[in-house]
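Reading through the structure tokens given below for one structure.
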Amino acid sequence: MTADYLVVGQGIAGSVLAWSLDKLGYKVVILDDPSLPSSSKASAGVFNPLTGKKMNRTWMSEELFPFAWNFYEDMQNVLHTNLLHFCNIYRPFRNVEEQNSYLSKTADPFTEKYVLEGAENEKFAPFIENPFGGLQITDAGWVDCAEMLESIKTFFIEKNQYVIDRFDYQKIEFQESAVSYKNIKVKKILFCEGYEALQNPFFGWLPFNPVKGESLIALIEDYPLTEIINQGTIIVPIDGKGKCRLGATYSWDDLDWETTAAARELLEDKITTYLKKPFQVIQQQAGIRPSTDDRRPFVGIHPEQPQLAIFNGLGTKGVTLAPFFANELIGNMEEGKELNAEVNIERFFSLYFRSQKELIPNK
């Protein structure tokens, strides 16, 4: 089989990159092993212009968000599915100090344009503890990642451009201006393996900082809210009828894919501090986010093997980062356009060459 690109891994990164290439007319083959665990399938897919305890501006949000919205709207129209869900995020204040702190931040012009004037506190009061009120963040929402991944898989299977297999790095054969993997010949192999990239002999030198996260799927009794609730943990309505995702935990230790009783108890305890309604947990999910040391994605061409590239390290904001930087990577590969220096893996080339010297001391 001959194609333009082989995409290894079909999480958020691989799906978005493969779709972007296909839309531009390039022939793409996806290779994925569904027996491997996937953090993308457990992702809440939330996008939020103001994040963290301090409501900081999301990096590059004014560029990333409009690009992502257009991208997912186009995708869902082509695939005839519903992926993009816009909704406000309601942040109830824990105390007067937090109320004063957050409201003072709305004086900032950038922050102010994303905060709804006059939060609908009475609307939330029957369901959420909010004696000190709260604020509502606009231009937010979530992407249905599980639905996207399944739809993309079906799309490429129907085109006979999807291979179910475990990637074997020993089977790569480099040629002068191409590369082959088993019976597939392409211009480049694009690695989008998520946490599995730590085992990749070509890109394992990159400074990943993986984070395990666990979340719960629950049924909340008599809960009609469609807004996301954020008070350290989040409640993301899935169907508008009480089915919600509750999350998430963060752990840099014990990086495995197993769900734990400790994480469930932690989430239940935190959620019940502000959720007034009883809920029943029906599922628990765990994933390992491919985060990075500097919290920026890993995008670019291998320093010595130009037939190989990586698109990874999207961390917790994959749904907004992926469309924009997939487009940037394609522009770099096809037209020689410069990559954003903050995501270009060139920023870590010194680590690669140092690792090569350690392998061959006299090199």
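The values are calculated or read from the model by the stated rules, or taken from the named source; none is laboratory data. Just so it is clear, the structure is predicted and the values come from calculations on it, not from any experiment. Cβ: placed from backbone, ideal geometry, glycine included. Neighbour counts: every protein chain shown.
What the table below lists for this structure:
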{"read-out": "Flag for Phe71 being aromatic (Phe, Trp, Tyr) and crowded, with 21+ Cβ neighbours inside 10 Å", "value": "yes"}
{"read-out": "Only one of Glu304, Glu268, Glu342 that is charged (D, E, K, R) and within 14 Å of Phe203 (Cβ to Cβ)", "value": "Glu304"}
{"read-out": "All positions within segment 170-220 that are over 22 Å from the mean Cα position of the chain (by Cα) and among the β-branched types (Val, Ile, Thr)", "value": "Ile172, Val179, Ile184, Val186, Ile220"}
{"read-out": "Near pairs, Cβ below 7 angstrom, 6+ apart or cross-chain, from segment 200-216 (part of a loop (DSSP other than H, G, I, E, B)) to any residue that is among the β-branched types (Val, Ile, Thr)", "value": "Phe203/Ile310; Leu206/Ile345; Pro207/Thr292; Asn209/Thr292; Pro210/Ile288"}
{"read-out": "Some residue of segment 155-162 being in contact (Cβ under 8 Å) with a residue 40 or more places away in the chain, of a type outside the set (Gly, Ala, Ser) and part of a strand (DSSP E or B)", "value": "yes"}
{"read-out": "Residue list for segment 130-160, filter: over 22 Å from the mean Cα position of the chain (by Cα) and either buried (at least 19 other Cβ atoms within 10 Å of the Cβ) or within 30 Å of Tyr274 (Cβ to Cβ) (or both)", "value": "Asn130, Pro131, Phe132, Gly133, Gly134, Leu135, Gln136"}
{"read-out": "For Gly25: the one exception among (1) at pLDDT below 95; (2) closer than 30 Å to Ser180 by Cα; (3) out of contact with any helix residue (DSSP H, G or I) (no Cβ under 9 Å at 6 or more places or on another chain)", "value": "(1)"}
{"read-out": "Any chance Phe311 is touching a Cys at 6+ places or on another chain (Cβ under 9 Å), buried (at least 24 other Cβ atoms within 10 Å of the Cβ) and either at pLDDT 95 or above or outside any loop (DSSP other than H, G, I, E, B) (or both)", "value": "yes"}
{"read-out": "The lone exception for Phe110 - which of (1) surrounded by 13 or more Cβ atoms within 10 Å (Cβ to Cβ); (2) of a type outside the set (S, T, N, Q); (3) over 19 Å from the mean Cα position of the chain (by Cα) it fails", "value": "(1)"}
{"read-out": "From Val46, Val115, residue being at negative phi, surrounded by 20 or more Cβ atoms within 10 Å (Cβ to Cβ) and touching a Leu at 6+ places or on another chain (Cβ under 7 Å)", "value": "Val115"}
{"read-out": "Unique residue being surrounded by 15 or more Cβ atoms within 10 Å (Cβ to Cβ), more than 15 Å from Ser151 (Cα to Cα), touching a strand residue (DSSP E or B) at 6+ places or on another chain (Cβ under 6 Å) and not assigned by TED's automatic domain parsing to the domain that holds Gly318 when the list is Phe93, Phe65", "value": "Phe93"}
{"read-out": "Positions within segment 89-116 being acidic (Asp, Glu) and either modelled with pLDDT of 95 or more or more than 29 Å from Asp222 (Cβ to Cβ) (or both), in sequence order", "value": "Glu97, Asp108, Glu112"}
{"read-out": "Some residue of segment 261-275 being outside any helix (DSSP H, G or I), of a type in the set (Ser, Thr, Tyr) and out of contact with any Lys or Arg (no Cβ under 6 Å at 6 or more places or on another chain)", "value": "yes"}
{"read-out": "Thr81 being without any contact (Cβ under 8 Å) to a residue 40 or more places away in the chain, more than 21 Å from Ser291 (Cα to Cα) and not aliphatic (A, V, I, L, M)", "value": "no"}
{"read-out": "Flag for Pro224 being in contact with a helix residue (DSSP H, G or I) (Cβ under 8 Å, 6 or more places away or on another chain) and either among the charged types (D, E, K, R) or modelled with pLDDT of 95 or more (or both)", "value": "no"}
{"read-out": "Residues within segment 239-250 that are modelled with pLDDT under 95 and not in a loop (DSSP other than H, G, I, E, B), tallied", "value": "1"}
{"read-out": "Filter result for Glu334 (assigned by TED's automatic domain parsing to the domain that holds Gly9, charged (D, E, K, R), surrounded by fewer than 22 Cβ atoms within 10 Å (Cβ to Cβ) and at pLDDT 95 or above)", "value": "yes"}
